[in-house]
Every structure is written in structure tokens, then in C-alpha cells.
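The values are calculated or read from the model by the stated rules, or taken from the named source; none is laboratory data. For clarity, every value in this text was computed on a predicted model and none was experimentally measured. FYI the Cβ positions are ideal-geometry reconstructions off the backbone, even for glycines, and counts take in every protein chain you see. The protein model used for the area step is the full one, side chains on, heavy atoms only, and it has no ligands, DNA or RNA in it. Shrake-Rupley method; radii C 1.70, N 1.55, O 1.52, S 1.80 Å.
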Amino acid sequence: MGEQYGGDHQDFRGGEFNGDFTAKKVEYHQHGPAPTALDALPPKVAGFTGRGDQLAELLGAFDPVGGEAPGAVLVAAVSGLGGIGKTALAVEAAHEACDEGWFPGGVLFVNLHGYDDDRVTAEQALETLLRGLGTPPEHIPNGVDARAALYRSVLAARERELGAVLVLADNASAAEQVRPLHPGGVRHRLLATSRSKLPQLGARLLPLGELSPEEAYDLLDRALRIAAPGDTRVANEGEAAAELALLCGHLPLALQIAAALLVLDRDKPVAELVVELAESGDRLLHLDDGERSVRAAFDLSYQRLPAEQGRLLRLLALAPGSEVTAEVVAALDGADVPPVRVLDALCRAHLVERGSGRGRWRLHDLVRVFGVGVVKGDVRLWEEGEGARERLLAFYCRWAGAADGRLRWLPGMQEPERFTDRAGALAWLDSERAGLVAVVQWAREERFAATAVLLSQCLAEYLDWRRSFDDKITVCGVAREAAHRAGDRVGEASAWNSLGIALQQTGRVGESVDAHTRARDLFQAIGDLPREAAAWSNLGSALQEAGRTDDAIDAHIRARDLFQAAGDRPREAMAWGNLGLALREAGRAEDAIAAHIRSRDLYQAAGDRHGEARGWNNLGGALWEAGRRNEAVEACEKALEGFREFEDWYGTGRTLSNLALAHQDAARPAEARTHFLQSADAYTRANALTEAAEARTWAEEITP
């Protein structure tokens, strides 16, 4: 089935016409000349919009002047996903080329029905084209080669008599259908459309993607106004129209169907259709207007896939996130290495697309919906998919755990597998972040809950490091609910603890105090003293943020004592540092200095250089408040060195701001301004945009 567009067109197979020619009325006479069909272009698509760059490229390929130059483009192939608008673009370009007078010899059109059960063969297509050129049926030989030779000869004669001819071969599924249709010569042109890229043709390849958001909006608006010029629903509901376009995946066929549904119900607001699509368990069920169906268009492609390609497409539809790495594909597939050959084949068929970088792959949103529907509709395929998801979750849990181990690693600890340094661990987590966050949400399903909760714990340190607190709130919230349902008190308490940190960082201090209190109480009930100590420490920080300084000091002292008793020197160092901050808040400057010195020394003894940098930074702040300015600057410079070593851009930004204040206090405005601007850049790299904006504001307020 070809691309969907408005209006009827001439469609013939095996030499038998299925409709009248549009060029002119033809009367058949027993002994008269055979009729010709050289004005057989389908009509332009009503409301065609966008595709300006692609249209220009096709017209450049059609240009007969350019065609006579060396290396001329004689064949062009438009490819893309079913419903992407290949035929509409090809027909639009053909009409514009004819309007330019480039093809005085006429235009031939044939639908190859490449994805139908009885697709048109090259031999049948040649018979159709020869008849269109006026060749009497009895003069058409049998066999592809003989027909192709006659076809080129007739075209050559027509070129001499009238000029160049354009041949439009729509909806091919394989190069073998198109290759014999090459018209020969240097002035004729062949334009093919296909759901596959057809690199074997030696053609100018023009792959089509979805429309831009602006083009999709325009298509919806035009479609409604064509049906009723006064229909301003899209213009009046701009946000809803943009959401509708997104739900349609910016796919022209889906957009046209959505527009038709609105046209059929003139009283329906755009927002109402958006709600129907968004809340539907199967969007494709709604993207059907009785004549056109997105699911049917996709199914034509899917049914022609070899078994291994169909299987991988189904598994990819179950993958989390908007795109996946080759490693994830291998995990889903249950293979030791990524099935690159199969991926490439799916990519050529436009059912899989290359992602944001090499080795990354993505599915169009509606193809994903289609694939999930195929899996859900068959018990055997559903179980196959559940097995793939289990493999992927285990894969993520293993390597996220190893990456987390590297981020927390200190000298003397066991080396984690795979990741030899922090940079490698962070790079892997960055590349898989969207998928990791999405997979944790599988914890809502009993089958995956326990492993997904473990995975959430492996992401806590990383999400703090990248300051991805919204993601952390999502991850911890899902993990907490799943652990509670399963009676996993340790998992629930750990989730409350991590959730409290993220809530505090996003300004939800009251909720943070409550979360840490719940975590502390659960760890106390379990009898897990080390984790109880961590909960006390985090609770103290939240209490301090809430203005409850005395309670914060008590909490930090309790955490310090528990860590001391457990012999956990790195965390004892952290507790001393947090206690120092609370003491500063209480105005106890000398006690704060002593606490920060103790924190720094413990970090040094543990070989925790990043913790040592935090210790130096906190000490610098306490020294500054005590009036020991030179010592404070020296401490901040040592902190800056450590933060930069670990690419801790938030710590870097904070320390640079402290140094800027020191320069400002010392009446060195130029140095202060420079440090504030450097601070803003560091905060930006840390995704701390509020702090970055504040630092730039302070820089702008400095008078040189």
C-alpha cells in the first residue's frame, strides 16, 4: 500500500488498468493507435506543508540542465517509515518539476505495491510503463530484460520527439523492483519511493524523518481549514495542538488522521482529543479514521520482516528511555555482542533510527507503541519480552553497581569490576541515565520490584553528583513504594534517606525532615547502626536548613558518635563537617573551626581527596567568619584544587564564589568579578542554574 494522500490516482498492475487516465479521455478503436498515459501524476496532496529542504533537493536532482553535467543524478529514492509522507513529497516535487517545463515528454506513474502480498514485479511494472508510453500490448515481449530494452528504446525515441520523461515508481520494497525501470539517457529521471533506503540503486538517497513541531502544527491547522475555512480550533488551542502533534509523533499520516477525527466532530476541542490519546492504553487504536490506520501502515512493514528482525524490533519496543546503546540492545537480545547486522537491516527499513551518537538507536514513538501492542497481543511474545526485560534489569543492576562502587571507592577498598576510574564510571552512567531512571520505575511491577529497588540504591550517589534531583525524587519515590509493598524495611528506609536528600536540595525542607525522620526510625527498628548514623547526619542537615539549629547540632553529634563507634572514619569525617556547619550557624566560630579541622584531617587519613576538598572549603568559610582572612583564602585555594581534580563543578563554583567575596572584601573588584564569572561557569557545568544566575548578578553589580 502506498503513502496515504488525498484524491484518487491511477493504479494499474500486470498491464490491466484500474481507473481512467487523467491526461485526457481516451477512446479505444480496434485498429487505432494504442493510448498513452503520460500525464498520469496523482493530484497534489491537499494541505501539503513543510519539507522545504527535501523538496529543493529533489528538484535539484530533477533539473535537466544539471542532469547533462558529469556525475548527473538520474535516479532519486525517497525513503522513510510508513506514513512519513514519501509519496506526498514525491508527487509535490514531480508537479513542481512539470510546472517548470522540465519534462515535456510527460510523466509515468506506477505503484509497485511493494508491501502487499501480491507486489508488482519489475516485469509487470515494465508492461504497465510500456502501455503508458503507447506500446500496443501485442508488441510487448516477455521477460524483464527484453521489456527493459524496449522500454529504454521507446523512451529514447520520445526524448528525440518531445523531450525528457519523468518516471515515478511509488512504494517499492526492494531494489530489484526498481532497477529495471531505469529510463536510460541523461535527460530522463526516475524517482522511487520506498520504506527501505535502497542503497543498491546508485541513486540520490533522501531519507525522510518526522515533521518538525512547527510543520506538524501547520499540517493540523491547514487540514481543518481546508475542510472548513472558519475552523480555528488549532489556532485557538495552540498548546493542545502542539501536544496533539507530539502524541502523533509528528508523523504525517497520524496527523492527517487526527485532523480527520476533528473534522468529523466539529464540536470536539483539540484538548479533548489530546486527553483521549494520552489516556488511551493503545494510541494506535484511536489513530484510525475508518480508511487510514497507522497500525495498518506499520503492520505492512512488520509482516515482511525476517524472524530475527521482527523479534529484535519487538524487544526494542520494550526498552526504556527514548534511545538505547548497543550494549542495551545486546542485553535485551540475550547476546554477547550487539546484533549490529540486524540493527542495520531495521535501520535500512526505517523501523529503527540511529540515535544521538554512534552506537545508539531509537524507535519512533508510534513504532514503539506498535511493537508493545504486538507483544501484548500474544502470550508467547509477552513471555519473550518479560525475559528480555529481566535480562536488561540484571545488566543495569550489575554495571550501575560497579559504577557506583567506583564513585564511592577509597584506597584500601576492593576494586570494582570494569570501571578503572571515576571518569569511566560517570561516562557510562551519563550514557545510560535515561534508561536507568526509566527501568527503576519497573519496580511498580512485582516481577521486577526487588531488583529495581537495588538499582535505585546504586544511582543515589550518581544523581547527587550530577545534581539530577528531580530524577532522584522519581527514582526514590518508586523504590520506597515498592519496598514498602514487599515488606523490605531496609530498602524502604534507604529510599526514604535518599529521597530526603533530594527533597532538601529542591527546597522542600519540611518534607526532607519528615523523610529523614522516617529513615532514622526504620533503621533504629531494624537495628542497623551504620545506616541509622547516616540518617541522623542527613536529618541534621535538613533541620539546619529548616532553621532548627540546636536540633541539628544534636543530630550531628549523634551521627558522629555512631560513626566513631563503628570505626567508619570517612563518614565520621562527614559528620564532623556537618557539625561544623551547624556550629557556625549557631555563632560558635571557634568550635566550628575545630570541627572542620577534625573533618579535614580524617578525610586526609582515609585518603579521600574529594572529601578533603570539602573539608578545606568548609574550614575556609569558618576561618573567614572568625576574621582570619588570609588563612581562609589559603584554605579555599586548596579546596579549589581538589574540586577541580574531581571535576566537582558545584564545589568549584561554591569555592570560587567564596574567593570572589574575599577579593571583594579586600577592595579588589576586578579579581572579584572574574571569580564570580568563573563561579557562574562552574555552576552551569554542574546544572546548578539558579546559583549560576546569582553569581552572574553579583559580577554585574561590581563597579570596577
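Some values worked out for this structure:
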| item | result |
| --- | --- |
| Condition broken by V337, with the remaining ones in (1) of a type in the set (V, I, T); (2) farther than 28 Å from V475 by Cβ; (3) in contact (Cβ under 8 Å) with a residue 12 or more places away in the chain satisfied | (3) |
| Count of the range 580-594 residues which are in a helix (DSSP H, G or I), over 46 Å from the mean Cα position of the chain (by Cα) and touching a residue at least 24 places away in the same chain (Cβ under 8 Å) | 5 |
| Filter result (among the aromatic types (F, W, Y) and either touching a Pro at 6+ places or on another chain (Cβ under 8 Å) or closer than 30 Å to S293 by Cβ (or both)) within the range 367-425 | F370, W382, W409 |
| Any hit, the range 310-320, residues being surrounded by fewer than 22 Cβ atoms within 10 Å (Cβ to Cβ) and at pLDDT below 95 | yes |
| Filtered residue count, the range 439-454, keeping only those that are closer than 17 Å to G385 by Cβ and assigned to a helix (DSSP H, G or I) | 9 |
| Number of the exception - A670 against (1) under 35 Å from the mean Cα position of the chain (by Cα); (2) at pLDDT 90 or above; (3) over 13 Å from C636 (Cβ atoms) | (1) |
| Residues of the range 465-498 classified as under 24 Å from the mean Cα position of the chain (by Cα) and of a type in the set (D, E), total | 2 |
| Of residues in the range 348-371 being in contact (Cβ under 8 Å) with a residue 60 or more places away in the chain and among the hydrophobic types (A, V, I, L, M, F, W, C), the one farthest from S280 (Cα to Cα) | A349 |
| Exclusive hit being farther than 20 Å from R571 by Cα, of a type in the set (D, E, K, R) and open to solvent by 40 Å² or more (accessible area, probe 1.4 Å), set E461, E415, E432, E481 | E481 |
| Unique match (being at pLDDT 95 or above and either open to solvent by less than 10 Å² (accessible area, probe 1.4 Å) or among the aliphatic types (A, V, I, L, M) (or both)) among A297, A307 | A307 |
| Per-region count, the range 81-111, residues at negative phi and in a loop (DSSP other than H, G, I, E, B) | 8 |
| Any helices (runs of 4 or more DSSP H) falling wholly within the range 629-704 and containing at least 1 residues that are of a type in the set (S, T, N, Q) and buried (at least 17 other Cβ atoms within 10 Å of the Cβ) | 649-665, 669-685 |
| The range 604-623, residues that are over 42 Å from the mean Cα position of the chain (by Cα), in contact (Cβ under 8 Å) with a residue 24 or more places away in the chain and open to solvent by 60 Å² or more (accessible area, probe 1.4 Å) | A605 |
| Given (1) over 27 Å from L206 (Cα atoms); (2) touching a residue at least 12 places away in the same chain (Cβ under 8 Å); (3) touching a Lys or Arg at 6+ places or on another chain (Cβ under 9 Å), number of the condition R147 does not satisfy | (3) |
| From A546, A565, A555, residue being modelled with pLDDT under 95 and of a type in the set (A, V, I, L, M, F, W, C) | A565 |
| Any hit, the range 273-282, residues being within 19 Å of I84 (Cα to Cα), part of a helix (DSSP H, G or I) and open to solvent by less than 60 Å² (accessible area, probe 1.4 Å) | no |
| Hits in the range 599-616 (condition: aliphatic (A, V, I, L, M) and either in contact with a Pro (Cβ under 6 Å, 6 or more places away or on another chain) or within 17 Å of G567 (Cβ to Cβ) (or both)) | L602, A605, A606 |
| Residue match in the range 283-294 (condition: open to solvent by 30 Å² or more (accessible area, probe 1.4 Å), without any contact (Cβ under 8 Å) to a residue 24 or more places away in the chain and in a helix (DSSP H, G or I)) | yes |
| Any hit, the range 168-190, residues being of a type in the set (D, E) and touching an Asp or Glu at 6+ places or on another chain (Cβ under 9 Å) | yes |
| Selected residue (criterion: farthest from A175 (Cα to Cα)) from residues of the range 217-245 that are of a type in the set (A, V, I, L, M, F, W, C) and in contact (Cβ under 8 Å) with a residue 60 or more places away in the chain | I226 |
| Residue check for A427: farther than 20 Å from D336 by Cα and either open to solvent by less than 20 Å² (accessible area, probe 1.4 Å) or among the aliphatic types (A, V, I, L, M) (or both) | yes |
| Residue within the range 235-248 that is in a helix (DSSP H, G or I), modelled with pLDDT under 95, buried (at least 21 other Cβ atoms within 10 Å of the Cβ) and touching a Leu at 6+ places or on another chain (Cβ under 8 Å) present | no |
| Qualifying position, being closer than 30 Å to L300 by Cα, out of contact with any strand residue (DSSP E or B) (no Cβ under 6 Å at 6 or more places or on another chain) and surrounded by 22 or more Cβ atoms within 10 Å (Cβ to Cβ), among G387, G377, G371 | G371 |
